[in-house]
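In what follows, a structure is listed as C-alpha cells, so that the remarks can point back to it.
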Amino acid sequence: MTLVTDKPHNDPQTQVATIPDKSRAERLTSFEVEDFAVPTGREEEWRFTPVDRLAGLFSDTATDADAVSFSTKVPEEALQAALAAGVAPRGTVLVPGDRGSVVGSANSPEATYIKVPNDAEYAEPLRVDITGNGAGRRVNSHIVLEAGSHSKALIILDHTGSADFSGNVEIKVGDGADLTVVTLQRWADDANHLAQHDAVVGRDATYKHIAVSLGGSIVRMNSNVRYAGPGGDATLLGVYFADAGQHLEHRSFVDHNAPQCKSLVTYKGALQGETAHTVWVGDVLIRAEAEGIDTYELNRNLVLSDGARADSVPNLEIETGDIAGAGHASSTGRFDDEQLFYLMSRGVSEDEARRMVVRGFFADIIAKIGVAEVVDPLMEAIDAELALDMKGEA
Amino acid sequence: MATLEIKDLHVSVETEAGDKEILRGVDLTLNSGETHAIMGPNGSGKSTLAYSIAGHPKYTITSGTVTLDGEDVLAMGVDERAQAGLFLAMQYPVEVPGVTVSNFLRTAKTAIDGEAPKLRTWIKEVKEAMGQLRMDPVFAERNVNEGFSGGEKKRHEILQMELLKPKMAILDETDSGLDVDALKVVSEGVNRVKENSEVGVMLITHYTRILRYIEPDHVHVFINGRVAESGGPELADRLENEGYDRYQGAQV
Ligand SMILES: Nc1ncnc2c1ncn2[C@@H]1O[C@H](COP(=O)(O)OP(=O)(O)OP(=O)(O)O)[C@@H](O)[C@H]1O
Ligand SMILES: [Mg+2]
C-alpha cells in the first residue's frame, strides 16, 4: 500500500475575489498586430504563462503547409463559404485581446463559417475535427459559429495531434437560440495551443461553452461572453487534468452588459506530477446597465501529488447594486487520504478508491456538462490519466 | 468460528514533539459470536486501537501482534483487512464528495465478496436494510456521508455492517450523538447482524446506555492505552456508578 502518510490534506483556501487595478472593460482589443507586443511574462495577463515556450505562437507567421488537417462533419446547409477578414459576421464578435489571438487573426485569410439556420434543430452534434500534423508546426485557425434565431445545436471542436496552434473562435448566438460549443483539447504532449473564444448571446438565448483540456504542453484558452440583449443565459464550463510538465490555463470573461441575463462559470481540474501547472482566472464585469442579472463563478482544483501547482483567481467588478445575485468560490485542495482510507477500509483496492475519489470530484461538473459525446470519452480519459499515474508511482 | 487476537500491542503517532506512544501493550481476544464492550475515558486510546486494527496509516505499530485466525493482520493492506472480514464503524465517518451511497455500497460489496452481487437481489437487500434502519431511500443517491447528520452517519455505518457481513466488527462510539430512538434503531441493526451471523463485536463506548440494547459478554476498562480491568456485564454497572476515577487515581 502506498498511502501518503503526511498531515491532513483538505486545505480549502477560499480566496476573496479581488477587484483588479484596471477595469476589465479597459483591456485593449485590436486587429492590429503592432498593438500587441510580444509578452515578456511580466504583464498581468501573462504572469502565470511560460511565455518563453511560446515564441513560435507569438510570431506574426503564416500557417505552415500541411501543418493541420480539418475535417468538418456538419449538415450541408450549415456549411457556409469561408469568410475573409472583415467580412461579417467575422469580426463582429471577436476582436483579438492579446498577442496570440492577433497574430492568429492576421494570419487567417479564410475563416471556416458554420451557420445553423434559423429555427433548425440538430439532434446530432456538428463536428470539426482538427488534427495537428507535427510539433512546432504553425497553424492559424479562425472559426465562425452562428446559431440562427431559435435554432438548437451542439458543435464539437476536437483538437488532436500536435502543432503550434493559434485558434480564434467567434460565436454568435441568435435570439432565442440554444447553442452548446464543446472544445476538446486532446493534443499530444508537445502541442501548444493559444485560444480566444468569444461569444455574443442574443436576447433570451442560451449558450454553453465547454472546454475540456487534457493534452498539450501549453493550452491557454480565453472563453469570453457578452450579451446582445436581455434574457441571455451563458454557462461556461471547464474540466482539465494536468500531468507533469503541462501548463493548462483557462481564462474567462463574462461581460454583463445587458439587463436580466445570467451567467454560470464552473471550472474544475485535477493535477498530478511534478511541475503540472493549472491556472484559472475568472473575470466578471457587471456594468451599470446590467440590472437584475445573476452570476456565479466557481473553480476547484484537486492536487493529486507534490510539486503540482494550481493558481485560481476570481475577479468580480460590480457597477450596479441592482442585481439578483453575484457570487464566486475558489479552492484548491490536496487529495484527501482520509477518503482513501475510508473506501479501502470497506475492501476497495487503492487504485479503485483513487478512481472513485477523483471521479467523485468531477461528478457535479460532469452532470452539468450532460452531453454523452463529451462525458463518456472524458471519463475514460480521466481513468487513463489515473492509470498512468498509478503505474508511474508503483 | 473466527478469532481476532491482539497481543501486547504498542502503537504511537507522530507529533510535532516526536513520536508519542498511545497504546501501551493491549491484550484482547475476540471470538465469533462474542460481544466485548470497551469502555474508557476520552483520550485513553480507544479509537487508536480501532484504527490500528483497521490499518490507518497515521498510526505506527511499534510492537505486538494482531492476528485473525492466525493470519497476520498487520501485514495486510487496509483493503485486505476488510476482505479478510474486519469491519470498522468509525467514530467520525468520512465524507466522499461525488460518490453516491449506492455506488459505494455496491463497490464495497463487490470488493469484499470478490464478485459483483446479483443486481436484483442486491437492490432489494439494500432497500430492506435501509428500511429497517429507518433511512429514507433518497440516501442511496446522496453522496457518501456528505451533509449527513451525526446520527445519519452512524446509521450508514451500521447499514454497511449489515450488508458487508464481516467476521469481526469494531464499532467506535456508534452510540454517541444518537437520540434514544436512533440508538434503538442502530442497536437493533447490530443485533440483527449478531442473530444472522457469527459476527464478533468490539463495542467501544463511553456510556452504558447502549449496553441495555446490545448485551456484552465481556466488559473491558480501557485506561491510558491498555486494558486496566476485564469482567462480565456487571463491570459496566460498576463503571456507571463509580466512573473511572478509581483507575485513573491508581495510574498517577
Ligand atoms: N497526531 C496526534 N498528535 C498528538 N496526539 C495525538 C495524535 N493523534 C492522537 N493523539 C492522542 O492520542 C490519544 C488517544 O486518542 P484516541 O482518539 O485513541 O482516544 P479515544 O479513547 O478514542 O478518545 P475519545 O473517547 O475522545 O474518542 C489522545 O490523547 C489524542 O490526543
Ligand atoms: Mg475515540
In the stretch B:196-226, anything away from ligand 2 (no atom under 16 Å from the Cβ) and among the basic types (Lys, Arg) is listed as B:209, B:212
For the stretch B:201-223, the count of residues that are among the aromatic types (Phe, Trp, Tyr) and open to solvent by less than 20 Å² (accessible area, probe 1.4 Å) equals 1
Across the stretch B:50-67, the tally of residues that are within 14 Å of another protein chain (Cβ to nearest Cβ) and open to solvent by 10 Å² or more (accessible area, probe 1.4 Å) stands at 9
Filtering the stretch B:175-195 for residues that are at pLDDT below 95 and among the hydroxyl-bearing types (Ser, Thr, Tyr) leaves a count of 1
Scanning the stretch B:170-195 for residues that are more than 16 Å from ligand 2 (Cβ to nearest atom), touching a residue at least 12 places away in the same chain (Cβ under 8 Å) and of a type outside the set (Asp, Glu) gives B:182, B:183, B:184, B:185, B:186, B:187, B:189, B:190, B:191, B:192, B:193, B:194
Whether any residue in the stretch A:29-45 is in contact with a His (Cβ under 7 Å, 6 or more places away or on another chain) and modelled with pLDDT of 95 or more is what I want to check.
no
If we take the stretch B:139-252, then helices (runs of 4 or more DSSP H) inside it with 1 or more residues that are within 16 Å of ligand 1 (Cβ to nearest atom) and within 25 Å of residue B:79 (Cβ to Cβ) are B:150-164
Checked B:34, B:71, B:14, B:21 against criteria (away from ligand 2 (no atom under 16 Å from the Cβ), of a type in the set (D, E, K, R) and within 11 Å of chain A (Cβ to nearest Cβ)); the one match is B:14
For the stretch B:23-49, pairs from a residue that is surrounded by 23 or more Cβ atoms within 10 Å (Cβ to Cβ) to a residue that is modelled with pLDDT under 95 and aromatic (Phe, Trp, Tyr), with Cβ under 8 Å and 6 or more apart or across chains, are B:40/B:244
When every residue in the stretch A:135-156 that is buried (at least 22 other Cβ atoms within 10 Å of the Cβ) and of a type in the set (Val, Ile, Thr) is compared, the one nearest to residue A:68 (Cα to Cα) is A:139
If we keep only residues of the stretch B:78-115 that are more than 15 Å from residue B:156 (Cα to Cα), facing chain A (nearest Cβ under 8 Å) and under 15 Å from the mean Cα position of the chain (by Cα), then the residue farthest from ligand 1 (Cβ to nearest atom) is B:82
Listed by range, helices (runs of 4 or more DSSP H) wholly within the stretch A:307-394 having at least 2 residues that are surrounded by 18 or more Cβ atoms within 10 Å (Cβ to Cβ) and within 20 Å of the chain's Cα centre (by Cα) are A:350-369, A:372-393
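The values are calculated or read from the model by the stated rules, or taken from the named source; none is laboratory data. Here the structure is a predicted model, which is why all the values come from computation and not from measurement. Virtual Cβ from ideal backbone geometry, glycine too; neighbours counted across all protein chains shown. Side chains are part of the model used for accessible areas, which takes the heavy atoms of the whole protein and leaves out ligands, DNA and RNA. Shrake-Rupley method; radii C 1.70, N 1.55, O 1.52, S 1.80 Å.
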